[in-house]
Structures are given as C-alpha cells and as structure tokens.
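Everything on this sheet refers to the single structure shown next.
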Amino acid sequence: TTDPYDPNEPMFKKVLIANRGEIACRVIRTCKYMGIKTVAVHSDVDSRSVHVLEADEAYCIGPAPSSQSYLCIDAILDVVKRTGADAVHPGYGFLSENMDFAAKLTEAGAVFVGPNSKAIHAMGDKIESKKLANAAKVNCIPGFDGVVKTPDDCVKIAREIGYPVMIKASAGGGGKGMRIAWNDQEAVEGFRISTEEARSSFGDDRLLVEKFIAKPRHIEMQVVCDKHGNGIYLNERECSIQRRNQKVIEEAPSTFMDPDTRRAMGEQAVALAKAVGYDSAGTVEFLVDEHKKFYFLEMNTRLQVEHPITECITGIDLVHQMLRVAKGHQLRMTQADVPLRGWSFEARVYAEDPYKHFGLPSIGRLHRYIEPSRIPKVRCDSGVTEGSEISIYYDPMICKLVTYGESRDEARHTMLEALDAYVIRGVTHNIPLLRTIMTEDHFVSGDIHTGYLPQVFPQGFSGIPLTCTQTRHLVVLAAAIYVQDQLNACKFLDSGETLHSSWKVQVATKDQKVPVILESLDGGKYCAEVDGHALQVTLPADLSSPLLGVSVEGSKYTVQLPQRDFAGTMKLLFQGTLMDVTVLTQEAAEFLARMPEKPEADLSKVVGAPMPGLVKSVAVRVGDTVAENQEVCVVEAMKMQNSLVSMAMGKVKGVFVKPGQTVDEGQVLVELE
C-alpha cells in the first residue's frame, strides 16, 4: 500500500455504516484496520447477515423493504443517538447521495462520511450537474437542460435533439430509470418505465433527455478532494461492459487511454469537483467516442461499487481517505504522487440467470459457498457466506471478484482461474457469462464499448462456445468420471466382482452424442479414444470434492461436479459453464435410441414470470386480442422493471395475477387461447 494509516492522526471513535452487504463489510474492514468501533444497522431479514456479525454493534431498523429500513432516515438517526456514533458512512446506493440525510446527521452532531450537502445537491442531480459542468468548461453531451414532465414533452424534446436519445432519471444511478428510445413510441414507453423505476428506486421521478452516443466507451475518473481546496484524480476505470446500463466487468486502467487523454480527463474531473466545493471521494463519469472525445455523463458523490480496482493499481485505500477527509485532514499526496501500477479487473458476481436477457435475478439460499480468495492476487469483496439468503428485496450481488496483475493479460488469466475455482450452489449465477467475456476475442484485444454484449451475443447469451478440442476434453472427462464412479462402487461393495478395464460408452451433451472407448489405468489415469483421437486423462481419487483438478493431454482444468448419479447423469461445470451430460454404456445407449422422444411443450400461448418478483401492472383482460410482442404485464425484481410480452398473436384466455402480487419464477401469468 502507498496509503498507510497514521495512528497519531485524530480520528472518529465510532462509525455507523448505513448500508448492508458487501459494502458494509468493506467499510467495517478499514475501520477495524484504523481501530475505529463500528455499528451496523439491518432490516429484520438481515439479522444474521455478515455485516451484522462483523460489526461491534448492530441494530434492527425495520422490516425487509428498503423503504421501511435502509432508506428510513429517522430510524438510522435514532441508532446514531443511541450508540453515540460520531460519524456515519453511507456506502453506495440507499442514502449515500441523499442531501437531507447528510444535513440531518450534521444537525444531530454526527459527521457524514461523504461530500457536503451543497455538493451532493449540485452533483447528485443530473440536470443541475450538467448545467454546472457546462459552466466549469467540462465537455457535455448535447441534450435538454430541464425536467421532462409528460410523455408528449419527451417526444417533442427527443425530436428536437434527434433520435436516438437517452431518457434517464435525474436522481438515478445503477442503471435504474434509464431507457434508450429510437422513435416516438419508444420515447413514450421509455418515459413511463423510467418514471416508475425512478419513483420506486429513488423517490424522485424527474427525468432528463439527452443525445444517445452510439458505441461509446464508459470511462470514469476517481477523484478525492479535501476540505482545504486540494484535489487529485486516481486514474480511470473502464466500465463499458454493461447490461441494462449496469456494469458487469470493470478494469483499471483502460486500454483505450493514452497519457494525454488521461491527464485532460482527470484535470476536468478535478476542476468540476473543485467548482462545487467537493470534499470527499467521488467519481466523474464520461462517455468516450471512437475518436477519444469525452463527454461528461454524471458525477457520483459517493464511493463507487468498482472502487477496489482503483485501490489495486494505486495502493490507496479509498475508505481510509474518505474517513480522513471527513475528519478534516488534508490529503497527504499530490497528483505527482499518484501511482499507476499494473492492471486490475473486477467481475460482479450476481445471483442471476445469464441466459435470460444477460441476467434476470435468482433467489435462494447459498447451501455451498467457497470463494477463491486463496489464489494469489485475488480479492473477494462480499457480504455473504455459506447459508446466506439471496432475497427479492435487495440487489442480487453475491461478490465483487477482483484480480490484479503486473499486466492486463496476467490479471485476466488470474480472473479465469478465480472464476473456475468459485463454488456457488443454491442460486443461479452469472459466472458462465463472466468467464465467456474474459476469453472473447474483442474483450481480449480491448475492443469494447457499452453495446458490447448485444453485439457479441446478438441472440442473447447461450453458454461458452467450446472449441473442438475443448469439446473432446469435456466428453472424455465425463466418460472418465462415469467409469471411475463404477470402479469405486465396485470396490466399496466388495462383492468380489472384478470390472473390466476397457469401457465402451456414449457421452450425450446438449448438441451431440459421442462414442468413447476408455481404458482404465492405475492412479486415476485413463486412456480414451474419441473421434480418432487418443487422449490421456487424469482424475483425482476423490470426486466428491467441490473443486476437481483434472487434466486432459496435459491441459489442466478446474472443474466442479455439483450433481451426478450412478446412472451417468451429471452436471459438470467446465470452463465456467454448467454442462448437462449423460454417460451411457453402449448397450444402454442402443436401447435408449429405440425409445420415442418426448415432445417439447408449446410455451407460445403462455406468458410466465422469468424471475421471482412483484407484479407492477397488468395491461390485458380476458377476451382481449393481443399482437405478437405486445406488453401484457410488468414484473419488478430488485427494483428493475421487466416488461413481459406475448410470444404470439392471440386472444387472452386467462389472467392469473393482479398488481401487487408476488410471483415465483416460471409461474404462468397470462394464457392465450
């Protein structure tokens, strides 16, 4: 680290963290390092959460919905008074950019660990911040500098600016309350959905409209300013890999930046921060076009989710600096002191199904959970542990998986190793998507932009595309696992029966059925023949371990076997993707080939819930005629609204839900005749 803690500096005695999950744990970690006592607050469903257990004190502030707990200012103020906390760190989200909260803390005699109320007001509102950025000579995107009040206003303004436009919540963040419109109809729909999401997430439904820049990069500058007029930037973060305007993978630095552009962007970011008297850690976000022209997007007046990658390449603890600045200390470093060393990636591991729109939320209990934190140069920022519950009430993030390397390629390979060694059972997760991105050619070369996911996966994500060699390796691994299970069972039963060493099996994956001849050797070694190729396979003796180190023809893999049975059906996590594989003996395969195939169910006449959530609206009634792709209802999960459409034209036969009703994944909502 280049940011050691000075025990002789006056510091807060007790800090309350007005947040939950991984960011609460992150703040607690630095507070412990600095010798500061910590207070956690929690909703009733979070009573056994990791942040509650790690804090010195913990208090319940309300029921599960965040509007009745983590957003309840009076409840948090009451805990501040009861505990004597002399400072409050808000983390990110929730009340982190709430001017009233910061002001009321000051009235209560506690310090808000963040910028002053004036700066929050100036920069937290996208409309006002854009006006201030223009005044501070910061490059800005063309748009409408005012509040859009009605759908008709939205259409009129969009036409004046010229499609495509971005409609977004003035008080927004985290990708919520944002929609792109390419025509009048999409402008009207985007206005409605953005308004509802903004009201639900932020209690503020004001919107603005600006020109949408096609294929931009999303690059942001980390700044830190103190209360004495000093300000520095800590280099950039590349945040272009996004889905639904929410970041998925970030890296620092950016492959696209050169020293001159970095300096110009950093100086503009600091100039903007100083113009509003900013006095904390904050982030100025820019859109960068293909010619390296950058435009101010917004300023986040809080600690960013992706701050760890900046800490990795600079050695500066941003929570430490926030606490120092909030206490009134000057920055100890100048711009010339800020290092840029190596490369860092952050992959956001979510409880999501990546095969549905690049990630729809999943809920459940983590009945098996092992982080890859033992791998060198890997950092896991999480707020869960084995047994933790992922609920519909909060963001579905499981962990921020961070890797570091002397070069981009080293950091990337470490990320691949970490993703393969991450054990998550009980919820669907997005590691298959993350790992596929990390090996995709455009990403490897650094050729990325905010439209990367739909460009690379135009039909949606359907799993990692295996090479012919990888497919052969998968097939022979499955065959070897099946044979080893048969051999182990024979030894366990001690029946005196000796199984033959040569096996003829058929391995069936989603796409193909492959015959394999396998010869069992000693010590978990096998010789396999598949498609005319002879392959050497090595397995560990214990296949019940959550992580299996295997090799095929010298290629080493870390695989997982979350599910398998003696009949040869198994789920094999290979190269980050869960593969459904069935291994049959030659006789069983021949018998199965004579059986009739089960027809697939016709789902075109039903609209089902793609994830657990809350029904916000139902747009049809029994007897209505609907067109293909017509919206029939909206389901909200984790504060994101999802418009569900009919798969075919038809007449509504049944409507089985109503607004306000909670639904499960797969539940039928509307049926057509």
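The values are calculated or read from the model by the stated rules, or taken from the named source; none is laboratory data. Please read these numbers as outputs of a predicted model, since none were measured by experiment. Cβ: placed from backbone, ideal geometry, glycine included. Neighbour counts: every protein chain shown.
Output the residues belonging to the stretch 177-236 that are without any contact (Cβ under 8 Å) to a residue 60 or more places away in the chain, at positive phi and either assigned to a strand (DSSP E or B) or crowded, with 20+ Cβ neighbours inside 10 Å (or both). Selection gives G177 alone. If the condition is being surrounded by fewer than 20 Cβ atoms within 10 Å (Cβ to Cβ) and outside any helix (DSSP H, G or I), then the stretch 16-35 contributes M34, G35.
Where helices (runs of 4 or more DSSP H) fall entirely within the stretch 418-498, those with at least 2 residues that are of a type in the set (D, E, K, R) are at 468-493. On the stretch given as the stretch 549-602, residues that are touching a residue at least 60 places away in the same chain (Cβ under 8 Å), surrounded by 13 or more Cβ atoms within 10 Å (Cβ to Cβ) and among the hydroxyl-bearing types (S, T, Y) total 5. All conditions in (1) touching a Phe, Trp or Tyr at 6+ places or on another chain (Cβ under 7 Å); (2) in a helix (DSSP H, G or I) hold for A171, with the sole exception of (2).
Screening A480 on (1) buried (at least 19 other Cβ atoms within 10 Å of the Cβ); (2) in contact with a helix residue (DSSP H, G or I) (Cβ under 9 Å, 6 or more places away or on another chain); (3) among the small types (G, A, S) shows it passes everything except condition (2).
Being in a helix (DSSP H, G or I), without any contact (Cβ under 8 Å) to a residue 60 or more places away in the chain and either surrounded by 17 or more Cβ atoms within 10 Å (Cβ to Cβ) or small (G, A, S) (or both) is the requirement here; does M265 meet it? Steps first, please.
Working: in a helix (DSSP H, G or I): yes; without any contact (Cβ under 8 Å) to a residue 60 or more places away in the chain: yes; either surrounded by 17 or more Cβ atoms within 10 Å (Cβ to Cβ) or small (G, A, S) (or both): yes.
Against the criterion (in a helix (DSSP H, G or I), without any contact (Cβ under 8 Å) to a residue 60 or more places away in the chain and either surrounded by 17 or more Cβ atoms within 10 Å (Cβ to Cβ) or small (G, A, S) (or both)), M265 qualifies.
Reported count of residues in the stretch 45-55, each being touching a residue at least 24 places away in the same chain (Cβ under 8 Å) and surrounded by fewer than 22 Cβ atoms within 10 Å (Cβ to Cβ), is 3. Only residues that are surrounded by 14 or more Cβ atoms within 10 Å (Cβ to Cβ) and small (G, A, S) were counted in the stretch 147-167, giving 1. Quick check: anything in the stretch 287-309 modelled with pLDDT of 95 or more, within 22 Å of I120 (Cβ to Cβ) and assigned to a helix (DSSP H, G or I)? Checking the stretch 287-309: at least one residue is modelled with pLDDT of 95 or more, within 22 Å of I120 (Cβ to Cβ) and assigned to a helix (DSSP H, G or I).
Taking the stretch 1-15 on its own, how many of its residues are more than 27 Å from the chain's Cα centre (by Cα), in contact (Cβ under 8 Å) with a residue 40 or more places away in the chain and in a loop (DSSP other than H, G, I, E, B)? Spell out the reasoning first.
The first filter runs over the stretch 1-15 and keeps only residues more than 27 Å from the chain's Cα centre (by Cα), leaving 2-15.
The next check asks that each one be in contact (Cβ under 8 Å) with a residue 40 or more places away in the chain; those that pass are 2-3, 5, 9-15.
Next, from what is left, pick out any that are in a loop (DSSP other than H, G, I, E, B): 2-3, 5, 9-13.
Here the count works out to 8.
Applying the criterion of being under 17 Å from V88 (Cβ atoms) and of a type in the set (S, T, Y) to the residues of the stretch 16-42, the residue that is nearest to the chain's Cα centre (by Cα) is T30.
Pull up the stretch 93-123, narrow it to residues that are polar (S, T, N, Q) and in a loop (DSSP other than H, G, I, E, B), then point me to the one that is farthest from the chain's Cα centre (by Cα). Ranking the candidates gives N116 first.
List every residue pair whose Cβ atoms lie under 7 Å apart, where the two residues are 6 or more positions apart in sequence or sit on different chains, the first residue falls within the stretch 120-138 and is touching a residue at least 40 places away in the same chain (Cβ under 8 Å) and crowded, with 16+ Cβ neighbours inside 10 Å, and the second residue, located anywhere, is basic (K, R) and not in a helix (DSSP H, G or I). Hits for this filter: K126/K168. When the residues of the stretch 340-361 are filtered to those that are at pLDDT below 95 and surrounded by fewer than 22 Cβ atoms within 10 Å (Cβ to Cβ), the one that is nearest to the chain's Cα centre (by Cα) is F358.
Evaluated against (1) under 18 Å from T195 (Cβ atoms); (2) surrounded by 15 or more Cβ atoms within 10 Å (Cβ to Cβ), E671 falls short on exactly one condition, (1). Looking across G383, G446, one residue alone is of a type outside the set (K, R), surrounded by fewer than 19 Cβ atoms within 10 Å (Cβ to Cβ) and either on the phi > 0 side of the Ramachandran plot or not assigned by TED's automatic domain parsing to the domain that holds V559 (or both). It is G446. The residues of the stretch 627-673 that are of a type in the set (K, R) and under 19 Å from L614 (Cα atoms), listed by number, are K639, K658.
For the stretch 314-324, the count of residues that are assigned to a helix (DSSP H, G or I), touching a strand residue (DSSP E or B) at 6+ places or on another chain (Cβ under 7 Å) and closer than 30 Å to F443 by Cα is nonzero. Which of (1) without any contact (Cβ under 8 Å) to a residue 60 or more places away in the chain; (2) buried (at least 20 other Cβ atoms within 10 Å of the Cβ); (3) among the polar types (S, T, N, Q) does N642 not meet, given it meets every other one? The single condition N642 does not satisfy is (1). Against the definition (within 24 Å of L578 (Cα to Cα), assigned to a strand (DSSP E or B), hydrophobic (A, V, I, L, M, F, W, C) and at pLDDT below 95), how does V505 come out, yes or no? Yes: the conditions hold for V505. For the stretch 36-53, the set of residues classified as among the charged types (D, E, K, R), assigned to a helix (DSSP H, G or I) and out of contact with any helix residue (DSSP H, G or I) (no Cβ under 7 Å at 6 or more places or on another chain) consists of D44 only. Only one entry of L419, L477, L466, L434 meets the criterion of being hydrophobic (A, V, I, L, M, F, W, C) and touching a Lys or Arg at 6+ places or on another chain (Cβ under 7 Å), and that entry is L419.
Output the residue which, of all residues in the stretch 276-295 that are farther than 11 Å from H218 by Cβ and among the aliphatic types (A, V, I, L, M), is surrounded by the fewest Cβ atoms within 10 Å (Cβ to Cβ). This residue is V276. Condition test on G114, is it buried (at least 23 other Cβ atoms within 10 Å of the Cβ), out of contact with any helix residue (DSSP H, G or I) (no Cβ under 6 Å at 6 or more places or on another chain) and modelled with pLDDT of 90 or more? Criteria met by G114. From the set of residues in the stretch 374-392 that are assigned to a loop (DSSP other than H, G, I, E, B) and among the small types (G, A, S), which is modelled with the lowest pLDDT? Here the residue is S391. The set of residues in the stretch 614-661 that are assigned to a strand (DSSP E or B), farther than 23 Å from D602 by Cα and at pLDDT below 90 comprises L614, E636, A637, M640, Q641.
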